[in-house]
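A short worksheet on the structure shown next.
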Amino acid sequence: METLPALAPGVCLTFDDLFVENWRAALPVFAAHGAVASFCVCHLHQATADQLTGLHALQEAGHEIAYHSRTHPKLAPYLERHGLEVWVAEELDRGIEEHRTAGFPATAFAAPFHASTPETRRAVATRFEIARTKGPNGAERGGLAKRVYREPGRGGRVHNIASIDMGRAGAEGWSRLNAALEATAAGQGVSVFTGHDIRRDPGRTRFYLSQADLDRILTAVRARGLAFYTLTDFARRSQKHPPV
Ligand SMILES: [Zn+2]
């Protein structure tokens, strides 16, 4: 039997929503580190021509344009009001079709607000190769090692190990991030991080990091000998390397 080399330990950095202009402006920072990421996009049907061009530029640079629902609704009230069937039709199938028509594969899913139910998880599992599911809150409670993966879990699910919204995170946020990277290197697996905007001016949001923060993160990842994967890339490569 052929012996395959072990999947190199690494990180999936994910950035949510539709901050295309700022993501695109950060392309040189990623390129300087040979880093790729998954940009998990919602509201694609409202994207401007410039935003579509920007998303294609990201994809052509080796990044993934992943799927983050169609309109980013709060899950519980949406399900209460419209039911599961409408959620699947609108927030999965309709938006997936829009992504594919626009030239994006929609093979990875990132749950808005990190929310899911057994029913939505089942629907997601039949449509995507990998599904980023639980948020970083609680990752430390259960032990970071549990969020370091050799392959995606049941239904293609992976949970976040830490946030990379470092804009206002402070020393505690950086120590959390470093602990997550340590756990990833120690576990010799792959872990998933979530961020949003990449911007200079925070405005009122805390869901961002600066290009300097990004540079610091990418430097820290490489310093630990970790590789960069998109979500789908991780899912596909791990299938060639089933756990022993
Ligand atoms: Zn989001």
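The values are calculated or read from the model by the stated rules, or taken from the named source; none is laboratory data. Predicted, not measured: the structure shown is a model, and the values here were computed from it. Here the Cβ positions follow ideal geometry from the backbone for every residue, glycine too, while neighbour counts run over all protein chains shown.
Among the helices (runs of 4 or more DSSP H) contained in segment 10-93, which hold 2 or more residues that are crowded, with 21+ Cβ neighbours inside 10 Å?
Numbers: elements: 20-25, 27-32, 49-60, 75-82.
Those helices (runs of 4 or more DSSP H) span 20-25, 49-60.
Could you check, for segment 196-206, whether at least one of its residues is at pLDDT below 95, of a type in the set (Val, Ile, Thr) and within 16 Å of the ligand (Cβ to nearest atom)? Explain how you work it out, then say what you get.
First pass over segment 196-206, keeping only residues at pLDDT below 95: 199-206.
From what is left, the residues that are of a type in the set (Val, Ile, Thr) are 205.
Filter once more, keeping what is within 16 Å of the ligand (Cβ to nearest atom): 205.
Scanning segment 196-206, I find at least one residue that is at pLDDT below 95, of a type in the set (Val, Ile, Thr) and within 16 Å of the ligand (Cβ to nearest atom), so the answer is yes.
Can you list residue pairs whose Cβ atoms sit under 8 Å apart, with the first residue in segment 205-226 being touching a residue at least 12 places away in the same chain (Cβ under 8 Å) and the second being surrounded by fewer than 17 Cβ atoms within 10 Å (Cβ to Cβ) and in a helix (DSSP H, G or I)? Count only pairs 6 or more apart in sequence or on different chains.
Gln211/Ala25; Asp215/Ala32; Leu218/Ala32; Ala220/Asn178; Arg224/Glu182
If you go through segment 73-89, how many residues are more than 19 Å from the chain's Cα centre (by Cα), closer than 24 Å to Phe207 by Cβ and not hydrophobic (A, V, I, L, M, F, W, C)?
2
So which residues in segment 135-164 are surrounded by fewer than 19 Cβ atoms within 10 Å (Cβ to Cβ), in a loop (DSSP other than H, G, I, E, B) and not polar (S, T, N, Q)? Lay out the reasoning, then the answer.
Step one: of segment 135-164, the residues surrounded by fewer than 19 Cβ atoms within 10 Å (Cβ to Cβ) are 135, 137-138, 140-143, 145-146, 150, 153-155.
From the residues that got through so far, the ones that are in a loop (DSSP other than H, G, I, E, B) too are 135, 137-138, 140-143, 150, 153.
Within segment 135-164, Gly135, Gly138, Glu140, Arg141, Gly142, Gly143, Arg150, Gly153 meet the criteria.
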